[in-house]
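The values are calculated or read from the model by the stated rules, or taken from the named source; none is laboratory data. Remember, it's a predicted structure, so these values are computed and weren't measured experimentally. Glycine also receives a Cβ, built like all others from the backbone with ideal geometry; neighbour counts cover every protein chain displayed. Note: accessible area is taken over every heavy atom of the protein model, side chains too, but ligands, DNA and RNA are not part of it. Shrake-Rupley method; radii C 1.70, N 1.55, O 1.52, S 1.80 Å.
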Amino acid sequence: MMGRVLSTDFIKIRGKGIWFLVFLGPIGLIAMQVLNFGLRYDYLMEAYKEDVWGGLIDNIIAFVPMSLIMGITLVCSLIANVEHQMSSWKQLLALPVSRMTVFSAKFGLGVILLLVSCVLLVLGTILLGLGLQLGTDIPYLDIVRFCFLPFIGTLPILALQLWLSLSYSNQAISVSIGITIAIASLFATKYDEWVPMKWPNMTLDGPHQIEAIVASLFVGFTVLLLGMAHFSRKDVA
């Protein structure tokens, strides 16, 4: 049943601009580095001469958490808006499908879409590095790590944003909160380790990397369950 609902959701998002956002995020990050290295190529190559691929990765990493949170905010809002705009909640929830399954399918859809963005960022980083002639000694593991581990750190935010977006037809609420979190994530290094906005950065390395990954998974699953419970009892127009 879950698979059927998820398949239906993929059909519903056609032509809604969601796939455009999925591609826009990684392409935007790569475009920023094309401009960055294009304007300062000689300087950056000299600065990172000991590890040019590492220099490229460091320049991209700085913007990955914020981009993920912004992507989560917009993707969740658009997924929910498909149902809100069509006023199709009553018809959907009248089907022999539990509300928890509906909520889970929406969450699964968001995860898949964002993972596609992460894959595109991996490919874009490799292609950019080759285009910049950084050499063929490509650090594939490091690239995959910095593209995917921060996503684990944003799972609590994904669960929260989906909860808000599905529960309230006024998307200004969830979008405003998401943008605020995204901007706040820019100052993550100043936060204590228990602040979720710091977890995307902590998942990359450091003495508390494993703790951050485990906490992200646990809190994300907890928020998901709370969202399901609330959605199951809430009257949705």
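Quick look at the numbers
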item: The chain: Lys pairs at Cα distance under 17 angstrom, eight or more positions apart or on different chains; result: 7
item: Stretchable slack from Leu127 to Ala172, in nm (0.36 nm times residue separation minus alpha-carbon distance); result: 12.5 nm
item: Residues of segment 12-28 with amide N under 17 Å of a point placed 7 Å along Cα→Cβ from Val97; result: 12-14
item: Probe 1.4 Å - accessible area at Phe10, Å² to nearest ten; result: 60 Å²
item: Nearest-10 value in Å² for the accessible area of Tyr191, using the 1.4 Å probe; result: 60 Å²
item: Folded to 0 to 90 degrees: helix 64-86 orientation relative to the chain principal axis, Cα; result: 30 degrees
item: Distance histogram in 5 Å bins (all Cα pairs of segment 15-61, percent per bin); result: 5, 20, 24, 18, 11, 9, 6, 4, 2, 0
item: Heavy-atom accessible area per residue - segment 47-139, 1.4 Å, Å²; result: 43 Å²
item: Fraction of accessible area attributable to carbon and sulfur, the chain (%, probe 1.4 Å); result: 68 percent
item: Kirkwood Rh in Å, taken over the chain so that all alpha-carbon pairs contribute; result: 18.8 Å
item: Dipole of segment 63-203, positive direction: furthest Cα of Leu149, Thr136, Ser174, with charges on the beta-carbon; result: Ser174
item: Tail fraction, Cα-Cα pairs, segment 106-157, threshold 12 Å, whole percent; result: 67 percent
item: 222 nm mean residue ellipticity, helices alone, for the chain (DSSP H n ≥ 4; -39,500 (n - 2.57); rounded to 500); result: -25500 deg cm²/dmol
item: Relative contact order %, segment 48-152, counting alpha carbon pairs below 8 Å whose residues are six or more apart; result: 44 percent
item: Within segment 22-147: Cβ-based charge dipole about Cα centre, in debye rounded to nearest 20 (Lys, Arg +1; Asp, Glu -1); result: 740 debye
